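Let me begin by presenting the structure, written as structure tokens, before commenting on it.
The values are calculated or read from the model by the stated rules, or taken from the named source; none is laboratory data. It should be emphasised that the depicted structure is a prediction, and the values quoted were computed from it without experimental measurement. Please note: Cβ atoms are built from the backbone with ideal geometry, for glycine as well, and neighbour counts cover all protein chains shown. Protein only, heavy atoms only, side chains kept; ligands, DNA and RNA dropped before computing areas. Shrake-Rupley method; radii C 1.70, N 1.55, O 1.52, S 1.80 Å.
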Amino acid sequence: MKKNILLALVAVVTMIFSGCSKEFELSGTKWEANYNNTFNYMDYPGTIAMNMTLTFKDVSNYTITATGEVTIMDQTQNMEEDTTEGTYTFDGVNGMFDDEQLFTYNEKNKTITTIIDLGDDPDDTAIFGANQITLVFKQVK
């Protein structure tokens with residue numbers, strides 16, 4: 001009898017302490033990132049400014065909306081708003097968009113970071129300044 005009571009007490013204490021550690025969830029949150037760069041394209045200076053909003057709709061679906069503008073030769077071209085939907089997985093720290101794009105949640109800074117590979121297109125490399133860009137999203141909701 002004492003053994004059963006002791007086992008029950010250990011089980012209750014274990015449940016209490018394991019219930020206290022809450023894993024961070026993305027579902028229902030909204031994040032924003034900005035990307036700005038100055039560049040030189042065909043000997044013309046220019047700038048690019050992009051704003052991205054990342055929304056985790058539920059435990060496996062997200063949308064990302066990008067807007068921005070490019071200025072070159074004193075001409076500014078607004079980018080059409082582009083929204084992409086997809087799926088994601090997340091273990092509390094590391095995640096994956098669409099089974100191919102890694103992202104990481106930094107609990108200390110409360111940010112999500114992902115590195116976008118732009119490939120080897122020389123125009124993209126000239127405009128973005130590299131063949132990859134790092135986006136850091138901060139939570140807004």
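Looking across region 21-39 at every residue that is modelled with pLDDT under 90 and open to solvent by 100 Å² or more (accessible area, probe 1.4 Å), the one that is farthest from THR89 (Cα to Cα) is identified as LYS22. In the set THR47, THR14, THR55, which member is at pLDDT 95 or above and β-branched (Val, Ile, Thr)? Answer to the selection: THR55. Residues of region 56-87 that are among the hydrophobic types (A, V, I, L, M, F, W, C) and surrounded by 12 or more Cβ atoms within 10 Å (Cβ to Cβ): PHE56, VAL59, ILE64, ALA66, VAL70, ILE72, MET79. Restricting region 88-102 to residues that are assigned to a strand (DSSP E or B) and without any contact (Cβ under 8 Å) to a residue 12 or more places away in the chain leaves a set whose member that is least open to solvent (accessible area, probe 1.4 Å) is MET96.
Checked against the criterion of being among the small types (Gly, Ala, Ser) and part of a strand (DSSP E or B), region 107-127 has no qualifying residue.
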